[in-house]
Each structure stands twice: as C-alpha cells, then as structure tokens.
Amino acid sequence: MNVLPAAERSEITVASDNHFQHLKNLLRLEEAEEISQFRKEFLNLTPEEREKRGKALLRLKILESHYSPGGHHLLTFGYADGRPIPIYSFDTGDVLQLAREGDDFLKLPPGTVYEKSKESITVAFDWTRPEALDQEALYHLMPSPSKGTYRKMFDALKEVSEAKHGRLAFFRDLTLGLKKAAEGDPVGIEKISFLNAHLNPWQKEAVRKALEAPDVSLVHGPPGTGKTTALIEIIRQAVARGEFVFATAPSNTACDHLLECLVGAGLAALRLGHPARIMEHLRDHTLDFKLMGHPDTKRVEEMEFDLERCFLIQERHKNRRSLSWEEKEDLRERIKYLKVEIRALEHSIFERVLAEATVMVGTLTSAKDFIFEKKPFDLLVMDEATQATEPSSWIPLMRARKVVFAGDHFQLPPTVLSKEAEAGGLGITLFERLYPALDEKFKTLLKTQYRMHEKIMNFSSKKFYGGQLIADESVRLHSLADLTHVKRAPETEEVFLYLDTAGRGFEEMLEPSSESRYNPEEANLVVEILKRLLELNVRPEEIAVISPYSAQVRLISSKAVYPGLEIDSVDGFQGREKEVVILSLVRSNVEGEMGFLTDVRRMNVAMTRAKRKLVVIGDSATLSSIGFYRDFIQYAESIGAYRSSWEMLA
C-alpha cells in the first residue's frame with residue numbers, strides 16, 4: 001500500500017478543506033440570492049406584475065387533459081379568448097406551480113412545461129388529476145423554486161472534500177495542483193481506426209489524446225470548430241472498447257444535442273431526465289419512454305388491472321360472508337402473487353432497458369440517479385464544461401474513472417446570480433483551473449471552423465485564440481448571395497457590417513419593471529434591416545436578432561413579428577447559429593457605462609453565431625470606452641465594414 005508522508009497528507013488536507021469550505025460558502029450565497037430574487041420577482045409582486053414580467057400566466061383554462069407516452073399526466077392550458085401565449089413566458093422544461101383563480105398555490109406537486117405553442121402551454125404532472133380541477137375554473141401558472149439541485153451540489157462538495165482515497169480523491173488533488181495527471185501509453189494517430197472518416201487533423205489529435213490519457217483530457221473548442229464531432233468519436237471509440245460512458249452537459253439543450261449526435265452515429269444512447277425537458281423528437285430515447293414502450297409493460301398493466309380487481313372484490317366482501325374461507329384465502333394468495341410478479345417484471349424490464357444502452361446521457365445532476373449507485377463510469381464526457389460551476393461539475397465526477405472535459409473558456413461562463421459569489425470565484429470552472437495547469441499532451445485546441453465567413457471569424461480568432469483559427473474552404477468565402485433563393489444585392493454580398501449610431505441621439509433607456517435596458521431607435525433600425533433582408537428573399541428562419549438585454553429582446557419581439565424569426569438574448573443563443581445575425585448592443589450613454597458588456601466573452605459569443613452575414617449595431621462613442629470595442633471598430637473599418645447609421649437612415 002502506498003502511504004503518503006505525513007507532511008504531504010497534511011498539505012492536501014489543508015488545501016482541500018480551505019478550497020471546499022470556500023466553495024460551500026459561495027454556494028450558500030448563490031442559493032440565498034436565488035431565493036431573494038425569487039421573492040423579489042415573484043412573491044412580492046401582484047399577479048398582474050408577475051404576468052407583465054413574464055413570471056406568470058394568469059386566468060388560463062384547461063383545454064385538454066391527457067397522458068404522454070411516458071406515463072405523465074398532461075394538462076394543456078390556454079386563454080379562453082384564444083389569444084396567444086406571450087413568447088417571453090415560460091420555456092419547455094421550466095418547473096411551475098399551479099394555482100386556481102382566487103386561491104393560493106394548490107397543494108399539489110409542481111409540474112414541468114412539456115411543450116408550448118402559440119396558443120397553449122402543456123404541463124406534465126406526476127399526479128392523477130383530482131376532481132377539484134375542472135374545465136370551468138381559471139388557473140394561474142407560476143415558477144416553482146427547486147432546492148434539489150443545491151442539495152446535490154452540497155452533498156457532492158462534502159463527499160469530495162472527505163474522500164480519503166480512490167479516483168475521487170485523486171481528481172480532487174489533481175484540480176488542487178497537488179497531484180499530476182498520469183501519462184498513458186502513446187497510441188499514435190496512424191494506429192487508430194477512426195470511425196468518422198471526415199475528422200480534421202485537430203479533431204483526430206483530440207481523439208488520440210483522449211484515448212491515451214488515463215485520467216483527464218481537455219478539448220478546447222472555439223465556435224464552429226466541431227467540438228461535438230470530436231466528442232462523439234471519443235465516445236464511439238470508448239464504446240468499441242467495451243467501456244461504459246456517461247455523456248453530460250450543464251443544460252438540457254446541450255444534452256439533447258449530444259443525444260441527437262450519438263443516435264445519428266448509431267449508438268444505443270439512453271437519455272435520463274424528465275421527458276418534458278427533452279426535445280419532442282428525442283423523447284423516444286428517454287428512460288421513461290423506453291420503459292413504457294417495452295413489450296412486457298403491457299403485461300404489467302394487465303396484472304395491475306387484475307390486482308385492482310382483486311382489491312375491489314376483497315373490499316366488497318370484507319364484512320360479508322358471501323365468500324367462503326377458501327375463496328378469501330385464494331384471493332389473498334392471488335394478491336400476494338400479483339404483487340411479487342409485478343415487482344419482478346418491472347425490475348426485469350428496467351434491467352433490460354438499461355442493458356441495451358451503451359451510452360447514458362443526462363445533465364450533471366442526473367449523475368446522482370440511483371441507477372448509477374453501483375455502476376461507475378469508465379468514461380465521463382462533460383460537454384460545455386466551461387458553463388458548469390465547480391460544485392455542479394463534482395456531481396458526475398464522483399462516479400468517474402476517467403474524464404474528458406470539453407468547452408471554451410472564452411465564451412460565456414456559468415450563470416452566477418450572486419455578485420458576491422461571482423467575485424469570490426464561483427464562476428471559475430474546473431476546465432479553467434485545469435487548462436493552464438495541464439501539460440499540452442492532455443489538451444487540444446480545435447482550429448478548423450466550419451461556420452463563419454473568414455471576415456466574421458478573424459476578429460474573434462485574433463482576440464481570443466491567438467489568430468490560430470482557420471475557416472474551412474466550405475465556409476471561408478460564403479455569403480447570403482450564394483443561397484439559390486436569395487437575390488444578389490450589396491446587402492446579401494456583404495458579410496460584415498458595423499452600423500455606428502454615434503451622434504444620432506439613440507440613447508438607452510431603463511425598463512422600470514425589470515431594470516433591463518433597451519434602445520427604441522436601435523430597435524427601429526433592426527426592423528428596417530430585417531425588412532430589407534426579407535425583401536431580398538432571405539427567409540425569417542435564417543435570421544436571428546440577438547441582444548445582451550432582455551428588455552431589448554422584448555421590444556424588438558413586439559415590433560418584428562415574422563413567423564420563423566428568432567429573437568433572443570446573447571446568453572440564450574449561445575451554442576446556436578444562423579445564416580444572418582443582427583446584434584443590437586443597446587448601450588448608449590454619455591458616461592460610457594457598459595454594464596455586463598465589459599465581459600467581452602459575451603461579445604465573442606454574439607459575433608460568432610453568424611454564418612454568412614453579421615450586422616452589429618452600436619454607439620461607438622460609448623463602446624470606445626473599452627479597448628476591446630475600439631479594436632473591434634478599427635477592425636470593421638480595416639475591412640470596409642464600417643458604416644454610420646446616418647447613411648442607413650438617409
């Protein structure tokens with residue numbers, strides 16, 4: 001047995017205790033801030049104020065009551081007058097509480113938004129619909145705070161800080177800089193039989209390093225560089241070796257993307273989590289749907305019906321002598337037999353469904369699922385690791401033998417609500433801490449990008465990635481004019497445009513109800529650009545309008561109503577792409593205040609969503625208060641992409 005010297009054991013203990021106690025303190029601040037914001041945004045407001053802020057849907061009628069294929073009770077709500085559900089209200093996967101008009105919360109477990117259309121919203125519940133919910137009453141839907149995630153993070157921090165030996169203790173000491181990652185046996189790219197014949201050299205290098213590393217490997221994937229493609233190859237290689245893989249990410253959207261790619265690659269992937277939080281076309285791959293769709297489930301239902309019938313007979317003849325002693329004994333034996341058979345068959349179905357899966361996919365917290373209690377992961381693949389706080393990342397790491405982290409620490413960090421917790425470092429991820437500490441043999445920068453025209457890519461590449469990114473030939477010079485349905489014109493041949501609003505008096509305004517900012521004149525400018533692009537046959541679904549500020553998103557949404565057009569915040573659009581992106585920066589003030597635009601990673605995300613055309617609208621007088629934006633404006637000028645809004649509105 002290899003025992004560490006006492007001094008080294010003491011060093012590890014002190015470092016671990018200090019670090020993890022600090023994380024616990026930050027997590028308490030974050031939890032308190034979330035509760036405080038919930039009270040401020042919800043509990044202390046009138047129902048009408050909640051609805052105005054998109055925090056409630058009021059006076060809804062039950063339009064339909066039905067069941068999902070996964071066995072969840074679905075209630076569909078809508079307005080009695082048929083008007084549409086506000087687009088800025090709840091999204092699929094949000095957890096909601098139900099209340100009746102005139103009453104407080106109904107004493108019912110919360111539900112999960114299952115799907116949403118223009119005129120209705122469907123919520124999945126795990127309870128049987130009580131008689132109290134009738135078709136005539138009106139109902140409110142409001143957010144329901146969840147404490148389960150924080151409990152799982154606190155439990156994970158406790159377990160990792162107290163680990164004495166094993167893989168968990170090793171990973172902890174590795175992240176604290178007290179241990180070094182082991183080197184594996186060199187494989188060599190030429191010896192690997194790649195399952196995807198279209199990988200570029202850097203993707204192959206990432207796969208090679210991941211296969212070689214016994215402990216940890218990092219895949220640094222700038223925008224559009226095919227990070228997920230590399231991860232899918234790593235997972236396929238691991239499965240071919242007979243390894244059990246858990247693929248995870250902080251968000252359901254990212255998990256769904258992984259699942260879709262894994263299924264497309266022919267892997268038997270099983271998605272954990274509530275089906276309501278999973279894209280509809282992928283729900284057949286969820287554990288709930290697999291269990292409900294198993295051929296033997298019908299037999300379980302038949303036995304449950306038989307059991308219910310036996311209970312009814314037993315209850316009916318409880319105090320009567322209409323059944324003989326032998327008949328009552330037979331009934332008791334039948335009930336006992338059915339209970340045992342139902343449990344055994346349910347267990348058998350569950351085991352067979354799990355055995356068929358070669359890869360499990362779920363969010364970080366789903367790694368605490370009971371199905372993993374006795375089955376550690378041979379390989380943990382954590383996508384979007386740079387959007388996961390350290391406490392949340394430890395949840396899946398508790399069960400991992402080896403881990404591949406993938407992400408980009410030059411895009412948006414994890415969302416941290418508490419400013420004090422953020423200042424204390426809660427937004428610093430394990431990926432960020434490991435990246436400078438690990439030797440180059442354990443990490444790979446993907447360099448070929450397949451999304452953007454090189455003019456859109458180059459500024460980001462220079463500022464964030466040392467100018468190392470290369471636009472693939474398939475996208476290097478593409479433009480809107482190359483699309484067969486689009487008319488050729490200067491606006492469709494031009495791929496990059498910075499529209500300067502300085503001197504126009506386009507001042508930002510504060511939305512009192514949310515303290516978010518908006519700029520009415522910029523919004524009008526966005527609408528004019530949209531109209532021109534649509535006249536040139538660019539399709540609405542090929543365009544995204546994004547802004548750092550939710551108030552601007554709401555304002556533009558009210559002005560630009562085109563089916564298929566997406567309007568969202570920068571944060572909400574991370575990981576997405578469109579042929580055209582119009583970015584409204586909003587900030588315009590004499591003080592040069594930039595708010596959270598000072599985190600230039602947000603700008604990196606915003607710029608790199610566009611494939612064939614990027615339009616950025618902003619006030620250079622305000623933006624130039626920060627060197628990054630001065631450089632951006634100079635870059636636009638250097639490639640002939642600068643234009644004053646005076647020209648646009650002349």
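Points to keep in mind about this one:
- Remark: the His165-Glu326 segment gains 52.0 nm on full extension, using 0.36 nm per residue and subtracting the alpha carbon distance.
- D_trans [Stokes-Einstein, Kirkwood Rh over alpha-carbon pairs] for segment 174-311, 25 °C, 0.890 mPa s, µm² s⁻¹: 137 µm²/s
- In terms of its C-alpha gyration tensor, segment 551-650 has a rounded overall shape, because the principal axis ratio a/c (a ≥ b ≥ c, square roots of the eigenvalues) stays below 1.5.
- In Hz, Karplus ³J(HN,Hα) per residue of segment 419-436 (6.51, -1.76, 1.60; θ = phi - 60°; x = Gly, Pro): 5, 5, 5, 5, 5, x, x, 5, x, 7, 8, 4, 4, 5, 6, 7, 4, x
- Once the Cβ-Cβ distance of Ser193 and Glu511 is raised to the sixth power relative to R0 = 56 Å, the FRET efficiency obtained is 0.50.
- Beta bridges by DSSP in the chain, antiparallel share as percent, to the nearest 5: 35 percent
- Only helices enter the 222 nm calculation for the chain: every DSSP H run of n ≥ 4 contributes -39,500 (n - 2.57), and dividing by all residues gives -12000 deg cm²/dmol, rounded to 500.
- Inter-part distance where segment 363-436 and segment 266-304 are each reduced to a Cα centre, Å: 27 Å
- Distribution of pairwise C-alpha distances over segment 234-365, 10 Å bins, in %: 11, 31, 22, 15, 12, 7, 1
- Selection from Phe20, Leu231, Ser348 lying farthest towards where the dipole of the chain points positive, charges on Cβ: Ser348
- Based on alpha carbons, the Rg and Dmax found for the chain are 27.8, 98 Å.
- All lysines inside 19 Å of Lys55 as judged from Cα atoms, apart from same-chain residues fewer than 8 positions distant: Lys40, Lys116, Lys118, Lys147
- Per residue value of the accessible surface for the chain (all protein chains in place, 1.4 Å probe), Å²: 46 Å²
- In this calculation the C-beta distance from Leu178 to Phe38 is compared with R0 = 45 Å, giving a FRET efficiency of 0.70.
- Distance in nm between pseudo-label sites at Lys118 and Glu280 (7 Å out along the Cβ direction from Cα): 1.5 nm
- Expressed as a whole percent, the accessible surface of the chain that belongs to carbon and sulfur atoms is 50, based on a 1.4 Å probe.
- Normalised contact order of segment 495-650, rounded percent, pairs of Cα under 8 Å and 6 or more residues apart: 33 percent
- Residues Val340 and Lys375, FRET efficiency given R0 of 25 Å [Cβ-Cβ distance, rounded to 0.05]: 0.45
- Figure note: His140, His485 ranked by solvent-accessible area, largest first, 1.4 Å probe, ligands and nucleic acids not counted: His485, His140.
- Calculated diffusion of segment 413-457, Stokes-Einstein form, Kirkwood radius summed over Cα pairs, 4 °C and 1.567 mPa s, µm²/s: 95 µm²/s
- In the assembled protein chains, Ser588 presents an accessible area of approximately 10 Å² (probe radius 1.4 Å).
- Heavy-atom accessible area ranking, 1.4 Å probe, most first, across Val590, Val527: Val590, Val527
- Local electrostatic count, Ile278, Cβ distance below 12 Å [Lys/Arg +1, Asp/Glu -1]: -3
- Solvent-accessible surface (1.4 angstrom probe) belonging to Asp296, in square angstrom, nearest 10: 50 Å²
- Cα centroid of segment 566-633 to Cα centroid of segment 530-553, whole Å: 15 Å
The values are calculated or read from the model by the stated rules, or taken from the named source; none is laboratory data. Predicted model only: the values in this text are computed from it and were never measured. Glycine also receives a Cβ, built like all others from the backbone with ideal geometry; neighbour counts cover every protein chain displayed. Only protein heavy atoms, including side chains, enter the accessible area calculation; ligands, DNA and RNA are left aside. Shrake-Rupley method; radii C 1.70, N 1.55, O 1.52, S 1.80 Å.
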